[in-house]
Amino acid sequence: MLFYIMMSALTDQDRAFVEKLYSDYGNYMYKTAYDVLKNREDAEDAVNDAMCKIIKFLAKFEKSANETVCNMVIICIRNIIKNKAIDNYNKNKKLFGVRSDYYVKDDDTGKYTEREFADKSVDIEEIIIKKEERDIIEKALLELSEEMQDAVNLVYMCGYSSVEAAEFLGISDSAVRVRLYNARNKLRKILDKEMMINE
């Protein structure tokens, strides 16, 4: 209900943008929510809550590239699913796991694939070095907890301030800053160790 009220308050252009987002990601969000929550009504509520959050942060979504929008949608639905799962746990004493993979939608097939970073360099040696560095960094990022990954993704890749990321994730600003601090420290240790191994 709140989603429809929020939609009615939007301009025609913003409403069209939200409808396109729902068209592009609605089924993915529902499937992701249903896989975790195992209940049609809870999955629909999760998608509804995600769309409300998207409307609240609409300016960020509109200004972002497609890949960034995809990541923000995934973080949004994953965070809402986790909160709903915790609510269900408190009600039913049963908690379901939350999937943490990041996906990118293939425009040609409409399917989601694992996220890759495009490298447009033409120097083969530089490409190999960058790929090795990228692989090391990607591997290090995957060693972070989901909470740290979400904070890093929103602040460093999507351009949110720590206050905006906190509101997006439904936690305090200080909690986001702690997650970022811990993520940087953990990444530094992982990367230092990795560099020592490769020398």
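The values are calculated or read from the model by the stated rules, or taken from the named source; none is laboratory data. Worth saying up front: this structure is predicted, and the values here are computed from it rather than measured. Areas reflect the complete protein model, heavy atoms only, side chains present, ligands, DNA and RNA absent. Shrake-Rupley method; radii C 1.70, N 1.55, O 1.52, S 1.80 Å.
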Tally time: how many residues in region 152-185 are charged (D, E, K, R) and open to solvent by 80 Å² or more (accessible area, probe 1.4 Å)?
-> 3
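For region 13-47, what are the residues that are farther than 21 Å from ASN66 by Cα and of a type outside the set (Lys, Arg)?
Restricting attention to region 13-47, the residues satisfying the condition of being farther than 21 Å from ASN66 by Cα are 33-46.
Within region 13-47, ALA33, TYR34, ASP35, VAL36, LEU37, ASN39, GLU41, ASP42, ALA43, GLU44, ASP45, ALA46 meet the criteria.
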Tell me, which residue of region 37-67 that is more than 16 Å from the chain's Cα centre (by Cα) and over 22 Å from MET7 (Cα atoms) is least open to solvent (accessible area, probe 1.4 Å)?
-> LEU37
Residue, nearest to the chain's Cα centre (by Cα), within region 146-191, restricted to residues that are modelled with pLDDT under 90, among the hydroxyl-bearing types (Ser, Thr, Tyr) and not in a helix (DSSP H, G or I) | TYR160
